[in-house]
Amino acid sequence: MVLTTTIPDPRASEMLHYTYASRYARAPVPKFKMPENSIPKEAAYQIINDELMLDGTPRLNLASFVTTWMEPECEQLMMASMNKNYVDMDEYPVTTELQNRCVNMIAHLFNAPIGEAETAVGVGTVGSSEAIMLAGLAFKRKWQAKRKSEGKPYDKPNIVTGANVQVVMNPVKAVEMVDENTICVAAILGSTLTGEFENVKLLHELLTKKNKETGWDTPIHVDAASGGFIAPFLYPDLEWDFRLPLVKSINVSGHKYGLVYPGVGWVVWRTQEDLPEELVFHINYLGSDQPTFTLNFSKGSSQIIAQYYQLIRLGFEGYKNIMENCMANARVLKEGIEKMGRFDIVSKDVGVPLVAFSLKDSSKHTVFEISDSLRRFGWIVPAYTMAPDAQHIAVLRIVVREDFSRSLAERLVADIDRVVKELDTLPSRESTKAAHITAIDEETQSADGGGEMHVKKRVKETKEVIAHWRRFVEGRKAGVC
């Protein structure tokens, strides 16, 4: 949940004023209070539409892994099911059936040991965050039950995972941290920062050995939010899923490389035994017994239906083609950035199709300035510092999705090159900083020398140069020639 504030900006009006909506209504609408009177539907639409113009373009938002394009036929299905509450399973049994089919398809994709007469164990969620929490609850409850049966304390459970849950872990160090209170070790298939796959197979081998030595049975959860719909198609021989016996649950985001609009996620368990029955809620007030295991109750059916559409529409062949194309476009982007000779590539070749790169020399300008300047062309490219132990490295990251074509990749490379060359013509951060220091030093040195007027003049000139430089940069950002 995003925490927001309604504290008014002192520079802005507290009322919404119309542009084209003035054809239908003239009185302004309050921003933070419900208006007393109704307004025409055309006015409401136009007011909101005008405000949304200042949002970025989703397809040019290269910060996000989230799907931003779907086929019109799928959008029609989504619109037709917008008014269906997913939890009304008795009223919408076919929607429930489609969810169950999705769970089974994904479980088979992840090589779950499902017999011919068996069904997969899993559930649709609003995203991977909910899915991970559900998996964690299952691990915790199983661990607590075992500790109780052994007469041991069960009040200090822990989970071992990579620092900040967003960097690649060291499997050796991770296993060293496992103790009798560890309910699971969580591995990430697709780091948010660099797109790397953690070595789940090595983690499994080390943890299996430790379990044998200690008599524990510490399991593994795989957070495949980004990589779950990539690895099966691009790296089929990579062992990270239910082929490894200690992997008991996997979550994946349908709204990332599952190719569905947000928000939908999935969590799948290896077997029925891995999801404690006491966690499953049985509700019957809507008409029949409804087993459910979610953190949310009411939610829309559209994304579930859209996921089923994508799975049967594309099939294994279609997903494979799309992921191969994404990876090919990521290579085009990477090669173009490397040819500039200004950047180091931080991301790896095996992983999520993205390119993360840092400046070889950031003494003159930073990746944050490059990110800001690219906004002028419509590109939304995030710049950030790496996680703990690597915070001295600042990178730009570009996520390659299905709707990011080779032509766009080539255009982006050209725009990055143009931005870097433009920044080269501007005073560097170091020279600007030096100007400040020089002015202060001269003022200090002249304080006792009777040159106060001269110092003030130099300080004034320095401030004017800096102010002019700032106006120039802001003009460039705004597209002013």
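The values are calculated or read from the model by the stated rules, or taken from the named source; none is laboratory data. Since we're looking at a predicted model, the values are computed, not measured. Using ideal geometry, Cβ is built from the backbone for each residue, glycine included, and neighbour counts are taken over all protein chains shown.
List of remarks:
- Just one of (1) more than 27 Å from E198 (Cα to Cα); (2) assigned to a helix (DSSP H, G or I) fails for A330. It is (1).
- Qualifying residue in the range 210-217 (condition: surrounded by fewer than 16 Cβ atoms within 10 Å (Cβ to Cβ), of a type in the set (S, T, Y) and either touching a residue at least 40 places away in the same chain (Cβ under 8 Å) or assigned by TED's automatic domain parsing to the domain that holds R270 (or both)): yes
- Residues that are at pLDDT below 95 and hydrophobic (A, V, I, L, M, F, W, C) within the range 261-313 comprise L279, V280, F281, I283, L286, F293, L295, F297, listed in sequence order.
- Residue match in the range 400-411 (condition: under 29 Å from A163 (Cα atoms) and touching a residue at least 12 places away in the same chain (Cβ under 8 Å)): yes
- Any hit, the range 230-240, residues being closer than 18 Å to N104 by Cβ, assigned by TED's automatic domain parsing to the domain that holds T194, surrounded by fewer than 24 Cβ atoms within 10 Å (Cβ to Cβ) and of a type in the set (D, E, K, R): no
- Filtered residues of the range 76-100 (kept if acidic (D, E) and touching a residue at least 12 places away in the same chain (Cβ under 8 Å)): D88, D90, E91
- Pairs with Cβ under 6 Å, 6+ apart, first in the range 286-306 and hydrophobic (A, V, I, L, M, F, W, C), second modelled with pLDDT under 90 and not in a helix (DSSP H, G or I): L286/D88; L286/D90; F293/V280; F297/V87
- Top-ranked residue of the range 170-209 - restricted to ones that are in contact with a Leu (Cβ under 8 Å, 6 or more places away or on another chain) and aliphatic (A, V, I, L, M), ranked as surrounded by the most Cβ atoms within 10 Å (Cβ to Cβ): A187
- Any pair with Cβ under 6 angstrom, 6 or more apart, that starts in the range 111-128 at a residue that is in the same structural domain as Y261 (by TED's automatic domain parsing) and ends at one that is of a type in the set (D, E) and modelled with pLDDT of 95 or more: N111/D241
- Residue satisfying condition, being β-branched (V, I, T), closer than 23 Å to V175 by Cα and crowded, with 19+ Cβ neighbours inside 10 Å, within set V222, V267, V260: V222
- Residue ID - surrounded by the most Cβ atoms within 10 Å (Cβ to Cβ), chosen from residues in the range 31-67 that are at pLDDT 95 or above and in contact with a strand residue (DSSP E or B) (Cβ under 7 Å, 6 or more places away or on another chain): L62
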